[in-house]
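Please read the structure below before turning to the comments.
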Amino acid sequence: MSAAPTPKDTLLRDGTASLYRFRPPAPRQHAAPSLPLLLVPSMINRWNILDLRQGASLADALRHAGLDTWCLDWGVAEDEDRHLTWEMVVERLERAIRAILRKTGAPKVGLLGYCMGATLAGIAAALNPRKVAALINLAGPFDFAHGGALTHATNPAWFDAEAIAAAGNVHPAQMQMGFVAMRPTAQLAKWVNFADRAHDPAFRAAFDALEAWSSDNIPFPAAAYQTYITELYQQNLLVKGQHHVGGRRVDLGAIDCPLLTVVTDRDTICPPLAATALNDLCASTDKATLTIPGGHVGAVVGSRAPTHLYPALAQWLVDRLAQPETPALTHPQEPAALSPSPG
């Protein structure tokens, strides 16, 4: 079973990055035209976690919901990319947004960011609020004081991000060992579970796809890594309103588009409070939190994702990305676990 099975075209290349547009399925009657949607994955993992396999693909579910779905693949950093700064990363995302608007003629784009990609999508939305029609934060941290084990691990009292970045791009093995240290028994539990369920072909297919993805991590450009750890994890400048990108202050209060933050109940990478801080700080009047069972990765591609997470995200997006001249699709009610944020 191949990874990234959903048909797509490459519309732009920008350094190591590629901008994909997923091909729509066969035309459906009465499908309302929508504003484009850009998926923004993490920089340190392969993008195809959002299109992992048949039956477990968020990208495929969104295109079947009638959404014009795009994805920014950050690509694999080479040795010379050690000088790629955080500012350059954000600018690459902004160029992708502009390219989508030029190609489609749409006035705005929807953003769905996952993990670090959600942090970057939030920054882009704050810097370009007039270009963003809706924003989904899928398990992405904003208040790094609530970052849990990763915040503790990167405490400046014992963690020197500058020294690590001085050696060049951060190797995937370095980052992977950090995640393993957070839950040292997780690997043992994984293989015990595999032994119990290996007879199930469906489980084997899901296990093999996720194992292939998780063992194929990619380097983190050194300069961007240093800023990400120092200014976000260690100094928590983003929620303080003191984070700057290319001389521009990132004001999360400038985000006034509809916002949905998705948290998982067993997330050790992005604990819920780290993500929901965005709801507290933005100016959106249409904002909600969706809590789903599972961990940081399993909740997105696990067995329940196609029946719980994907329909909820698709419904929320279809309602908010309908073209202005087209009446938005309506539904009797929001998903049961979807709760409005205060304010």
Check: Out of region 291-334, which residues are more than 21 Å from residue 34 (Cα to Cα) and at pLDDT below 85?
Finding: 298, 299, 302, 303
Checklist line | Residues of region 224-269 that turn out to be within 17 Å of residue 155 (Cα to Cα) and at pLDDT below 95, as a count | finding: 2
Margin query: residue 288 - would you say it is buried (at least 16 other Cβ atoms within 10 Å of the Cβ), at pLDDT 95 or above and assigned to a helix (DSSP H, G or I)?
Written below: no
Next item on the list: Determine which member of the set 139, 181 is under 25 Å from residue 267 (Cβ atoms) and modelled with pLDDT under 75.
Entry: 181
Check: Restricting attention to region 64-106, which residues are over 30 Å from residue 311 (Cα atoms) and buried (at least 19 other Cβ atoms within 10 Å of the Cβ)?
Finding: 77, 81, 82, 84, 86, 89
Margin query: Quick check on my filter: what residues within region 240-273 are aliphatic (A, V, I, L, M) and under 25 Å from residue 84 (Cβ atoms)?
Written below: 245, 250, 252, 269
Checklist line | Criterion violated by residue 88 - all others in (1) part of a strand (DSSP E or B); (2) farther than 18 Å from residue 62 by Cα satisfied | finding: (1)
Item checked: Leading residue by the ranking (farthest from the chain's Cα centre (by Cα)) among those in region 250-272 that are of a type in the set (S, T, N, Q) and either assigned to a strand (DSSP E or B) or crowded, with 22+ Cβ neighbours inside 10 Å (or both) -> 264
Next item on the list: Please tell me if residue 156 is surrounded by fewer than 24 Cβ atoms within 10 Å (Cβ to Cβ) and either free of Cβ contacts under 8 Å to residues at least 40 places away in the same chain or in a loop (DSSP other than H, G, I, E, B) (or both).
Entry: yes
Check: Out of all the residues in region 107-148, which are touching an Asp or Glu at 6+ places or on another chain (Cβ under 8 Å) and surrounded by 24 or more Cβ atoms within 10 Å (Cβ to Cβ)?
Finding: 124, 126, 139
Next item on the list: May I ask you to verify whether residue 167 is of a type outside the set (Phe, Trp, Tyr), in contact (Cβ under 8 Å) with a residue 40 or more places away in the chain and either outside any loop (DSSP other than H, G, I, E, B) or in contact with a Phe, Trp or Tyr (Cβ under 7 Å, 6 or more places away or on another chain) (or both)?
Entry: no
Notebook entry, point to check: Filter region 1-55 for residues that are of a type in the set (Lys, Arg), at pLDDT 90 or above and part of a strand (DSSP E or B); which is farthest from residue 314 (Cα to Cα)?
Noted result: 13
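The values are calculated or read from the model by the stated rules, or taken from the named source; none is laboratory data. All figures in this text were calculated on a predicted structure; none of them were measured in a lab. Cβ coordinates were reconstructed from backbone atoms using ideal geometry, including for glycine residues, and neighbour counts include every protein chain displayed.
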